[in-house]
Amino acid sequence: MFYRGRRLRKNETVRRMLRETALTADELILPVFVVEGENIKREIPSMKGVYHWSVDRLDELADEMAAAGIGACLLFGIPAYKDEQGSAAWDENGVVQRAMRRLRRLAPELYIIGDVCLCEYTSHGHCGLLDGCGCVMNDATLPLLAQVAVSYARAGADMVAPSDMMDGHIAALRAALDEAGHTGVAIMGYSAKFASSLDWPFRDAAGSAPAFGDRRGYQMDYANGREALREVQADLDEGADVVMVKPAMAYLDVIHEVSRTFNAPLAAYQVSGEYSMLKAAVEQGILRSEAIWESLLAIKRAGAKLIITYFALDIGRMLNGAD
Ligand code: PBG
Ligand code: ZN
C-alpha cells in the first residue's frame, strides 16, 4: 500500500472542494501614482500597464476600480517641487492630499491608504532628513512623517502606511494622529521592508531614486529572516494595526514565519520589480498569464491576508468574470 494522493485530484470538482487557499478581490490593494498637472494618464515606462494619474482624471480610475471590484488603494505622490526636507509631502494642497479629497467625494466607500515617506519629496531622494555627513537622521525625521500622516488623515485617508523604515515611526504616527483627533485612522507598517533590487522600476514610477548611496542604512538586509520578526514585533508594540512584508515572492519564508508568529493582519507587497518581471514574461510569451495568479495564490498560501499588487485591477476583472 502506498499513498494515493491522485484520488483527490481526479476532477475539477474534487480539486475545488479541497483547495486550501482562496483569493478574493476584497483582499487586494491597488497602488496608485498621482502626479501634478492636468489630463494626464501616462504609462510608466518601466511598468507597462501602470499609469501616472493626474487628480482630474481619477474619476476614470475610480470607475475602473469599481468595475473590477477593487475597494482599496495605496496612494503615492509625484510632487510639484522637491526640497531638502521633503515639505511637499505634508502640504495640505499636495498632490496626494488633493487626490484623497477627490477620491473620497467620487467613491465614499473606497478604502484610501496613503504611503507615508519622504523619498518622493526630498531633493536627495532619501526617506528622511540628512545630517551634515549625508546620513539619514532617525529621530529628527519622525515629526515630519507624523505631519504627513496627519495631513493625509485630514484629507480623508482611512489608513496610513509608513514606508520609511525609521525606528519608532509607528509610535510617532499613532501619537500624532490621536493628538489630532484621528483615533479612527489605522496604521499599516511596512514592518519587514527589505533593501531589494526588486523595487527598481518604482524609481521610474515615483522619481525617488537616492541621489547618492542606497537605503541599506535603514531598510533590511535581505539575508535576514529572523530580524524581520523583531521588526514586526516592534511595529505591533508601537500600535500598528496591520503589518507588512515587502517584497513578497522572494520572501515567502518571511511571510510564512510572520503569519505563524503573530496574531495580526498581515499584508504582503508584490513590488514593482515582481510586477514588471511577470508582465514582461507574459507579454513576450515566455509565461502564460496564469503565472500571475499562481504568484498571488502562493503569497496567500504563505500566510498573507492582504496583497498589495499592481495586478489588482486585472485580477479583480478576472474574478468578476468581466474579462
Ligand atoms: C517609498 C516606497 C518604495 C516602495 C514603496 N514605498 C520605494 C523604496 O523604498 O525604494 C516600493 C514599491 C515598489 O517597488 O513597488 N519608501
Ligand atoms: Zn522612502
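The values are calculated or read from the model by the stated rules, or taken from the named source; none is laboratory data. Here the structure is a predicted model, which is why all the values come from computation and not from measurement. So basically every Cβ, Gly included, is an ideal-geometry build from the backbone, and we count neighbours across all protein chains shown. Heads up: the accessible areas ignore ligands, DNA and RNA and are worked out on the full protein's heavy atoms, side chains in. Shrake-Rupley method; radii C 1.70, N 1.55, O 1.52, S 1.80 Å.
Counting only Cβ charges, +1 for Lys and Arg and -1 for Asp and Glu, the dipole size of region 41-97 around its Cα centre is about 260 debye. Return the tail of the calculated pair distribution for region 104-263, meaning the percent of Cα-Cα pairs more than 27 Å apart. Cα-Cα pairs of region 104-263 separated by over 27 Å account for 23 percent. Seen against the Cα atoms of the chain and their longest principal axis, helix 95-106 is set at about 60 degrees. Between the helical axis of 169-179 and the dominant principal axis of the chain, each derived from Cα atoms, what acute angle in degrees is found, rounded to the nearest 10? Helix 169-179 sits roughly 70 degrees off the main axis of the chain. Any chance you could look up the accessible area of residue 294 with a 1.4 Å probe, heavy atoms only, rounded to 10 Å²? Probe radius 1.4 Å; accessible area of residue 294 about 120 Å². These residues, 197, 259, 295, go from largest to smallest accessible area, 1.4 Å probe, as 197, 259, 295. Measuring r between the beta carbons of residue 111 and residue 10 and using R0 = 51 Å, the FRET efficiency lands at 0.80. Restricting the GluC sites (Glu not before Pro) of region 91-175 to loop positions (DSSP other than H, G, I, E, B) with no more than 11 neighbouring Cβ atoms within 10 Å leaves 92, 109. Relative to the current alpha-carbon distance between residue 80 and residue 293, full extension at 0.36 nm per residue lengthens the span by 73.0 nm.
Ordered by solvent-accessible area of protein heavy atoms (1.4 Å probe), largest first, the residues 231, 290 come out as 290, 231.
Just the protein heavy atoms count here, and of the accessible area of the chain at 1.4 Å, carbon and sulfur take up 50 percent. A straight line joining the Cα centroids of region 204-261 and region 92-130 runs 21 Å. Taking 20 Å as the cut-off, the amide N atoms of region 279-310 that come nearer than this to a point 7 Å along the Cα-to-beta-carbon line of residue 20 belong to 293-307. The dipole here belongs to region 228-271: it is taken about the Cα centre, uses +1 on the Cβ of Lys and Arg and -1 on the Cβ of Asp and Glu, and is about 160 debye. A run of the chain free of exposed loop cleavage sites, with trypsin sites (Lys or Arg not before Pro) counted only in DSSP states other than H, G, I, E and B and at most 11 other beta carbons within 10 Å, reaches its longest extent at 20-215. Rolling a 1.4 Å probe across the protein heavy atoms gives the chain an accessible surface of 46 Å² per residue.
Projecting the Cα atoms of 73, 143, 153 onto the charge dipole of region 1-153 (Cβ charges, centred on the Cα centre) puts 73 farthest toward the positive pole. Charge dipole (Cα centre; +1 on Lys/Arg Cβ, -1 on Asp/Glu Cβ; no other charges) of the chain amounts to roughly 1660 debye. Only protein heavy atoms count here; on that basis, with a 1.4 Å probe, residue 64 has an accessible area of about 50 Å². Rolled with a 1.4 Å probe across the full set of protein chains, the surface gives residue 183 an accessible area near 100 Å². Among 261, 219, 280, which residue has its Cα positioned farthest towards the positive end of the charge dipole of region 200-307, with +1 placed on the Cβ of Lys and Arg, -1 on the Cβ of Asp and Glu, and the dipole taken about the Cα centre? Highest projection toward the positive end goes to 280.
Across the protein chains, with a 1.4 Å probe defining accessible surface, the residues 126, 256, 182 rank 256, 182, 126 from largest area downward.
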